[in-house]
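The values are calculated or read from the model by the stated rules, or taken from the named source; none is laboratory data. Model, not experiment: these values are computed from the prediction. Heads up, the Cβs are rebuilt from the backbone with ideal geometry, glycines too, and the neighbour counts pull from every protein chain shown.
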């Protein structure tokens, strides 16, 4: 009975260091430098051309990156989870191993490869480098769902007369949707908000939403930065409303 | 398509993607054996960078080693604190019902879905408002916020899988609550706590954005911020290449050993 | 039963109640347990038996009431200070400890010297026939073996009372039977009090000195297995213990009861004249013969199933009652048989009630509120706000499949076959009881809609 109180320290910690900071962001977003209420920070998001452009560019790149990761990652997860096609669990581990190397370091190396190959740093290198950074985040949740999935579902579909393609599109794919959704979540949000990765991969040629927020804070424009952060928070909040199988995925996430 | 055909294509695809994934790491590995400043520039084979790394010589090696130390200290302290806080919280949440449980579970998820930059910026504003001197302590607190959810989420399944009577059985046999916790509950939760700790440790090691915003202006550098600063200056500290190569090889070896052992264990059982 | 000498009593429970939030799980339980006896709390799931056990063990504190052990009040004493031990339902062996360390757990906490621990553990392991398993991992043991270790772990501490919470539920049938015999032997050898909780009536009858039959948080009957089997006090006990024919009857006068359309001689007295009663006849107590003359009543065999030792048959009487029979002889389906019942084998019981009586309040002169719903009724002329009793005969309550279209709704909680109809107890969503006689077949826990037509309510001022 009393053991429910053991969560109290963490609850206080969450209120102090998670909830309160988010409230502060919201306060700053509506606060002018003289302390009065203002909508100008928020309205700048809709009116200031550089902000609007950067926002849509980030969304575009995030969507593209998510799609690339999904298209490359789903087949990988599928093959890894199929005991007939891949017997060794070690191959699955190989796909998450790069994550232990510092992300910025890997990003720099990617940029250097482009540089060494004589390719220009820009949208191409950005998409390539991001896909490379976030691919494991797409593979892992899909792999977990497919791996846990009872094989008799697709066997039942075959038994009922579905071709293997039909069995995949009508049974396996819909059942793996929770994994796909959390994969999308894990790739999309970091892509929108990243700034260091984009700076390195494009030598500051392409600015993303995350870089914009960073820039506001660097230039002491806290109100503007807080407003952009708040908008990003709202987007995050909206995406979490999408049905995901997140609770299942995070369970026992052993790496 | 024949069965073997399918298998060959699948394997080829896997290895192709793996090759893409590993290209930058291999690239780093190769150019750790030459002294040229930028990668892709081969100026002859040498192990000089490795020597520099271990002897601390070289232009900015000492700063790099300092950054490595800072990174490790922060990751260890944050992961340990997160494991303690998260395990207590998991036991608490497991014993809760209804709305309170839902609320704290929801709050536990916020740091997980929150983009790093938001976590960083929001904590930066908090610390600034509270006139909290930003440095080691602020970074560690910030790291605890995004590490603890992983511990909570790894300990709760252990609790739900556990026979709920085990704790009561210990009490029944004469153990006081504290002792029952140590002798019976903790050994059961240990695997979840360990996984949580490792995840928290890795997350902390790899973090850039949160550290970047909460480290203040006292010149605190972790590996990530160090690399970022380096890349902004245009020249990467060359000793980073052998460092990354060594870390990668170490992890690879550990994973191979763990894997061989689990295969052996499975065979003996 | 006469109350025994105080020092023969080890556990005494007085006015014990337990509520979880709004829900009352145990309601004013009074009970004493004699030193050295094997007592079983028997009842369906949710009857409160496990709650009672957990309060005796100290895992739960009562909302009201007192539990004493050897005259000392146990309320507020934590489980680790109570001189009793528990065998848990799924054993709750510590997975990280081997067999020896599991059994030695309690002794080590008591700081018993090492070599004495060794001696006591091996002695108790021998007692449960697990002597060679000391170093084994508990996860490598079968269910039956884990069960033995769980018992060993509890009795090695020499508790005054051993509590067993459905300890055999997870075992297969054969294993369960063997363990029952072993438990009984162990009880005799150890000489300590066993409190056993189960929903398995067969185990309860086999093992116990005393059985307390529980339902809905109350003790329905307490007594020896023979008493409970032969003289159940109500339809619930009769139905729960063993197979039985439970029939509606009328006590014509002392020693004369009418059921199955016949008047039978019985041994019961003091029910008054023409009183509605429930009659219980065990299927093995109905004497079946091929000869029809001399029989008290006749019937046609409708079904016959071999049950290993005896045949179980259903016979249909000319009046349309179905009775269950058990006999070593087989009677083919379609056979006309004659049946007699010995007066001693007829058990007559008071009915809890003979019709539904709901406490209600008039909403208007033709609308009445009871069991949490507002119902249409016939014009009463009563003022709104008048407190009334609403009488509804059991067979005038209509049940529907779709609970959304009816005024009331609930779940089938208990059902009795009464020879030619079913008697159901419905618990409504708001927790009220509605009793229904019906010919339709429902299952336990079915969701049902409840409808009562205005002409079937009799409303009187309270």
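Listed values, structure above:
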item: Some residue of the range B:110-119 being at pLDDT below 90, farther than 29 Å from residue A:103 by Cα and assigned to a helix (DSSP H, G or I); result: no
item: The range A:107-117, residues that are in contact with a helix residue (DSSP H, G or I) (Cβ under 6 Å, 6 or more places away or on another chain), more than 21 Å from residue A:138 (Cβ to Cβ) and either at the interface with chain B (Cβ under 7 Å from one of its Cβ atoms) or without any contact (Cβ under 8 Å) to a residue 12 or more places away in the chain (or both); result: A:108, A:113
item: Residue count for the range C:102-127, restricted to those that are within 18 Å of residue C:147 (Cα to Cα) and either crowded, with 17+ Cβ neighbours inside 10 Å or touching a strand residue (DSSP E or B) at 6+ places or on another chain (Cβ under 6 Å) (or both); result: 9
item: Unique match (being out of contact with any helix residue (DSSP H, G or I) (no Cβ under 6 Å at 6 or more places or on another chain) and either within 9 Å of chain A (Cβ to nearest Cβ) or part of a loop (DSSP other than H, G, I, E, B) (or both)) among B:80, B:23, B:63, B:12; result: B:23
item: Cβ-Cβ under 7 Å pairs, at least 6 apart or on other chains, the range C:376-401 side in the same structural domain as residue C:439 (by TED's automatic domain parsing) and without any contact (Cβ under 8 Å) to a residue 40 or more places away in the chain, far side surrounded by 12 or more Cβ atoms within 10 Å (Cβ to Cβ) and assigned to a loop (DSSP other than H, G, I, E, B); result: C:379/C:365; C:379/C:366; C:381/C:365
item: Of residues in the range A:76-98 being surrounded by fewer than 17 Cβ atoms within 10 Å (Cβ to Cβ) and within 7 Å of another protein chain (Cβ to nearest Cβ), the one modelled with the lowest pLDDT; result: A:90
item: Of all residues making up the range C:163-183, the number that are touching a residue at least 60 places away in the same chain (Cβ under 8 Å) and part of a helix (DSSP H, G or I); result: 0
item: Scan of the range B:121-134 for residues that are within 8 Å of another protein chain (Cβ to nearest Cβ) and crowded, with 20+ Cβ neighbours inside 10 Å, ordered by number; result: B:121, B:122, B:123, B:124, B:125, B:126
item: Test: residue B:186 is at negative phi and more than 10 Å from chain C (Cβ to nearest Cβ); result: no
item: Which listed residue is farther than 11 Å from residue C:450 by Cα and in a loop (DSSP other than H, G, I, E, B), from C:379, C:403; result: C:379
item: Residue B:93 being within 18 Å of the chain's Cα centre (by Cα) and either farther than 26 Å from residue B:167 by Cβ or facing chain A (nearest Cβ under 10 Å) (or both); result: no
item: So residue A:135, is it surrounded by 20 or more Cβ atoms within 10 Å (Cβ to Cβ), assigned to a helix (DSSP H, G or I), at negative phi and touching a helix residue (DSSP H, G or I) at 6+ places or on another chain (Cβ under 7 Å); result: yes
item: Matching option when the condition is surrounded by fewer than 20 Cβ atoms within 10 Å (Cβ to Cβ), in contact (Cβ under 8 Å) with a residue 40 or more places away in the chain and either part of a helix (DSSP H, G or I) or at the interface with chain B (Cβ under 9 Å from one of its Cβ atoms) (or both), among A:127, A:104; result: A:127
item: Matching residues in the range B:26-40 - criterion: being surrounded by fewer than 19 Cβ atoms within 10 Å (Cβ to Cβ) and closer than 18 Å to residue A:133 by Cβ; result: B:26
item: Test result for residue B:118, over 23 Å from residue B:222 (Cβ atoms), in contact with a helix residue (DSSP H, G or I) (Cβ under 9 Å, 6 or more places away or on another chain), surrounded by 20 or more Cβ atoms within 10 Å (Cβ to Cβ) and at the interface with another protein chain (Cβ under 7 Å from one of its Cβ atoms); result: no
item: Unique match (being surrounded by 24 or more Cβ atoms within 10 Å (Cβ to Cβ), in contact (Cβ under 8 Å) with a residue 40 or more places away in the chain, more than 9 Å from every other protein chain (Cβ to nearest Cβ) and within 26 Å of residue C:78 (Cβ to Cβ)) among B:151, B:210, B:139, B:155; result: B:155
item: Test for residue C:333: is it touching a residue at least 12 places away in the same chain (Cβ under 8 Å) and surrounded by 15 or more Cβ atoms within 10 Å (Cβ to Cβ); result: no
item: Helices (runs of 4 or more DSSP H) fully within the range B:123-216 counting 1 or more residues that are under 30 Å from residue C:87 (Cα atoms); result: B:136-161, B:165-172, B:177-180, B:186-206
item: Some residue of the range B:97-109 being within 17 Å of residue B:160 (Cβ to Cβ), assigned to a loop (DSSP other than H, G, I, E, B) and either within 7 Å of another protein chain (Cβ to nearest Cβ) or without any contact (Cβ under 8 Å) to a residue 12 or more places away in the chain (or both); result: yes
item: From the options C:240, C:236, residue that is more than 26 Å from residue C:82 (Cβ to Cβ) and either touching a strand residue (DSSP E or B) at 6+ places or on another chain (Cβ under 6 Å) or surrounded by fewer than 17 Cβ atoms within 10 Å (Cβ to Cβ) (or both); result: C:236
item: Matching residues, the range C:147-162, being more than 11 Å from chain B (Cβ to nearest Cβ) and either without any contact (Cβ under 8 Å) to a residue 60 or more places away in the chain or part of a helix (DSSP H, G or I) (or both); result: C:147, C:148, C:149, C:151, C:152, C:155, C:158
item: Residue check for residue A:17: surrounded by 16 or more Cβ atoms within 10 Å (Cβ to Cβ) and under 20 Å from residue A:217 (Cα atoms); result: yes
item: Looking only at the range C:79-94, and only at residues there that are more than 7 Å from chain B (Cβ to nearest Cβ) and out of contact with any strand residue (DSSP E or B) (no Cβ under 8 Å at 6 or more places or on another chain), the one that is nearest to residue C:192 (Cα to Cα); result: C:81
item: Selection within the range A:200-213 - surrounded by 24 or more Cβ atoms within 10 Å (Cβ to Cβ) and either under 23 Å from residue A:29 (Cα atoms) or free of Cβ contacts under 8 Å to residues at least 40 places away in the same chain (or both); result: A:208, A:209, A:210, A:213
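Results for (1) within 14 Å of another protein chain (Cβ to nearest Cβ); (2) in contact with a helix residue (DSSP H, G or I) (Cβ under 7 Å, 6 or more places away or on another chain); (3) modelled with pLDDT of 95 or more, shown as yes or no for each residue.
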{"residue": "A:6", "(1), (2), (3)": "yes, yes, no"}
{"residue": "A:22", "(1), (2), (3)": "yes, yes, no"}
{"residue": "A:34", "(1), (2), (3)": "no, no, no"}
{"residue": "A:40", "(1), (2), (3)": "no, no, no"}
{"residue": "A:45", "(1), (2), (3)": "no, yes, no"}
{"residue": "A:49", "(1), (2), (3)": "no, no, no"}
{"residue": "A:57", "(1), (2), (3)": "no, no, no"}
{"residue": "A:62", "(1), (2), (3)": "yes, yes, no"}
